[in-house]
Amino acid sequence: MWSRFSVILQGEPVVSPLPQQPGKIIAVHVAFESRAAQRGRRPKLPSYFMKATSSLAGSGQVVRPAGTELLAFEGEIALVIGKEAKNVSLADAWDYVSHVTASNDLGLYDYRAQDKGSNTRSKSRDGYTPVGPELLDAREIDPRGLRLRTWVNGELVQEGTTSDEDLIFPLAQFVADLSQHMTLEPGDLILTGTPAGSTVVEPGDMVEVEVDVPGGLSTGKLRTEVVEGPGDFDGAVGMLPKVDDKQREDAYGYSTNNGLDPQLLEDLKKAPTAGLSAQLMKRGIKQCVIEGVYPQTPGTKLVGTARTLRFLPLREDLFKTHGGGFNAQKKVFDSVAEGEVIVIEARGERNAGTLGDILALRAKTRGAAGVVTDGAVRDYEAVKEIGLPVFTQGPHPCVLGRKNVPWESDVAVACGNAAVIPGDVIVGDDDGVVVIPRDIVADVVADTLAKEHEDEWVAEQVANGASLDGMFPPTGANREAYERTKGGE
């Protein structure tokens, strides 16, 4: 029986839950389908980075240095290697895992860009790899039957399983793959990636991670309290923390208004969907409109980033396994973040509701920007009274089991004949709903507002009797006259 050892954290010895000091900590970049969908990139094969063993900790506090802002958590499953593994097969790889436990792959995104993919400084700070609190014997569990959950301040923010539906790669593949390139030694740790839902935490927040077999064994909750600490960085010997829009967006995972700059958010609220769709067409994106959906309440403006939910056509055996309990539909409405729009793929099926008043109330309470569904809405008037912006095909008294099976979330969906990727920008008004790819949204909205300004000038001229010839759009002397109005001339 291995004995537990101590690590030094901020000058103090801390008892580790691990059986022995690992020689290596190896972390997987992306392993969950939901995380890949959120990032818009699905790996064909696993990729990895290393973390310093001095980053190990158990339950306790983690320091966010003063002068930084983007400390993000990642709830993960950690594999403990039990015996030397070199060139092992996929079929035998799980035999080399002795234990499984919970981990939190913390990272300081203020240093992520400077690390250029290595994550050396951003993820290897002291205390940035808490693990525990208990170990599960790998012999007693099915590697495809584990569940991972993360809570922040008591609210569930991440959930994933090791089933073939949730994981891109089976857990054993990481052991087999890595053993081709290095000798895995007893005690080594492999952190196996995080599902969607990772985001930024602040001093005072409490993060809890648990790995369990539903209804059975559990690691217990690994608890990490975020505290403020000194930011004594020396710019004379290394780079100082630096934040840009890309790191902010990745750290937040498109939550808290989903990384949208406040000014961009305001501009999107001013931009009509008709103008936005015209600018997208100019850029070659023709199918940018979610067809057939309109606001429950005329005059509603909807702006946010996409959180996706997908329904399958009803099949009774699948509804039996996926329709009841805390299903995919309830999970999305229960965890939607501020500023997110829940976009539902219901295949344009108008003969069943895709949400009702209780779900709408939950989304409203959590600060969701709204819901777009190419299906119908149950409790139609009650949902309208709640005040959550909802764009739909209309009402229907029945829900779920009549036509739909709530299947999965945080994946690419087809809503109203438009492709929607998690994190896409969603804008809706009385004309309908458009989908804008995240990487071009700033240019699209800027050009839309510029064209709106021009159209307002043209409308004023036409109202005063001007001919449409050479005016719509303005050319020649009319163009020159319009250009003189810019900047208040």
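The values are calculated or read from the model by the stated rules, or taken from the named source; none is laboratory data. Only a predicted model underlies this, so the values are computations on that prediction, with no experimental measurement involved. Virtual Cβ from ideal backbone geometry, glycine too; neighbours counted across all protein chains shown. The area values use the complete protein model at the heavy-atom level, side chains included, leaving out ligands, DNA and RNA. Shrake-Rupley method; radii C 1.70, N 1.55, O 1.52, S 1.80 Å.
Per-structure values
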{"quantity": "Filtered residues of the range 299-326 (kept if open to solvent by less than 60 Å² (accessible area, probe 1.4 Å), farther than 20 Å from A376 by Cβ and among the β-branched types (V, I, T))", "calculated": "V303, T305"}
{"quantity": "In the range 139-155, the residues that are hydrophobic (A, V, I, L, M, F, W, C) and touching a Ser or Thr at 6+ places or on another chain (Cβ under 6 Å)", "calculated": "L146"}
{"quantity": "Residues satisfying the stated conditions in the range 343-366, i.e. open to solvent by 30 Å² or more (accessible area, probe 1.4 Å) and part of a loop (DSSP other than H, G, I, E, B)", "calculated": "R347, G348, E349, R350, N351, R366"}
{"quantity": "G487, sole failed condition from (1) more than 20 Å from V289 (Cβ to Cβ); (2) at pLDDT 85 or above", "calculated": "(2)"}
{"quantity": "Cβ pairs under 6 Å, 6+ apart, first in the range 131-149 and within 28 Å of S55 (Cα to Cα), second open to solvent by 50 Å² or more (accessible area, probe 1.4 Å) and not in a helix (DSSP H, G or I)", "calculated": "P133/S59; L136/L217; R147/P214; R149/E159"}
{"quantity": "Residues that are over 20 Å from G132 (Cβ atoms), open to solvent by less than 40 Å² (accessible area, probe 1.4 Å) and either within 24 Å of the chain's Cα centre (by Cα) or of a type in the set (A, V, I, L, M, F, W, C) (or both), drawn from the range 175-194", "calculated": "V175, A176, L178, L184"}
{"quantity": "Where a residue in the range 85-97 is under 18 Å from I141 (Cβ atoms) and at pLDDT 95 or above and its partner, wherever it lies, is loosely packed, with under 13 Cβ neighbours inside 10 Å and not β-branched (V, I, T), with Cβ under 8 Å and at least six apart", "calculated": "Y96/K83"}
{"quantity": "Extreme residue, modelled with the highest pLDDT, among residues of the range 228-256 that are open to solvent by less than 30 Å² (accessible area, probe 1.4 Å) and outside any loop (DSSP other than H, G, I, E, B)", "calculated": "G229"}
{"quantity": "Test set (1) charged (D, E, K, R); (2) on the phi < 0 side of the Ramachandran plot; (3) in contact with a Ser or Thr (Cβ under 8 Å, 6 or more places away or on another chain) - R362 fails condition number", "calculated": "(3)"}
{"quantity": "Of all residues making up the range 32-54, the number that are under 12 Å from the mean Cα position of the chain (by Cα), on the phi < 0 side of the Ramachandran plot and not in a strand (DSSP E or B)", "calculated": "7"}
{"quantity": "Test: residue in the range 444-466 that is of a type in the set (D, E) and in the same structural domain as T297 (by the TED database)", "calculated": "no"}
{"quantity": "Count of the range 375-394 residues which are in contact (Cβ under 8 Å) with a residue 40 or more places away in the chain, out of contact with any helix residue (DSSP H, G or I) (no Cβ under 8 Å at 6 or more places or on another chain) and either buried (at least 21 other Cβ atoms within 10 Å of the Cβ) or not in a helix (DSSP H, G or I) (or both)", "calculated": "5"}
{"quantity": "Residue tally, condition more than 19 Å from I344 (Cα to Cα) and in a loop (DSSP other than H, G, I, E, B), over the range 257-296", "calculated": "8"}
{"quantity": "Test: T224 is among the hydroxyl-bearing types (S, T, Y) and outside any strand (DSSP E or B)", "calculated": "no"}
{"quantity": "Among the residues listed as N104, N153, the single one being under 14 Å from G193 (Cα atoms) and of a type in the set (S, T, N, Q)", "calculated": "N104"}
{"quantity": "Residue that is among the acidic types (D, E), assigned by the TED database to the domain that holds G394, in contact with a Leu (Cβ under 9 Å, 6 or more places away or on another chain) and in contact (Cβ under 8 Å) with a residue 60 or more places away in the chain, where the choices are E291, E345", "calculated": "E345"}
{"quantity": "Residue that is least open to solvent (accessible area, probe 1.4 Å), among those in the range 327-342 that are within 16 Å of S409 (Cβ to Cβ) and of a type in the set (D, E)", "calculated": "E340"}
{"quantity": "Subset tally (residues that are surrounded by fewer than 18 Cβ atoms within 10 Å (Cβ to Cβ) and over 30 Å from D234 (Cβ atoms)) for the range 84-116", "calculated": "8"}
{"quantity": "Extreme residue, farthest from the chain's Cα centre (by Cα), among residues of the range 199-223 that are open to solvent by less than 40 Å² (accessible area, probe 1.4 Å) and within 18 Å of T68 (Cα to Cα)", "calculated": "D205"}
{"quantity": "Any hit, the range 327-336, residues being farther than 27 Å from E266 by Cα, assigned by the TED database to the domain that holds P422, at pLDDT below 95 and not in a helix (DSSP H, G or I)", "calculated": "yes"}
{"quantity": "Cross-chain or 6+ apart pairs with Cβ under 7 Å, the range 40-59 first and more than 20 Å from A196 (Cβ to Cβ), then acidic (D, E) and surrounded by 15 or more Cβ atoms within 10 Å (Cβ to Cβ)", "calculated": "S54/D126; S55/D126"}
{"quantity": "Failed item in (1) open to solvent by less than 10 Å² (accessible area, probe 1.4 Å); (2) in contact (Cβ under 8 Å) with a residue 60 or more places away in the chain; (3) among the polar types (S, T, N, Q), with N119 passing the rest", "calculated": "(1)"}
{"quantity": "Test: residue in the range 128-139 that is assigned to a helix (DSSP H, G or I) and either open to solvent by 20 Å² or more (accessible area, probe 1.4 Å) or among the basic types (K, R) (or both)", "calculated": "yes"}
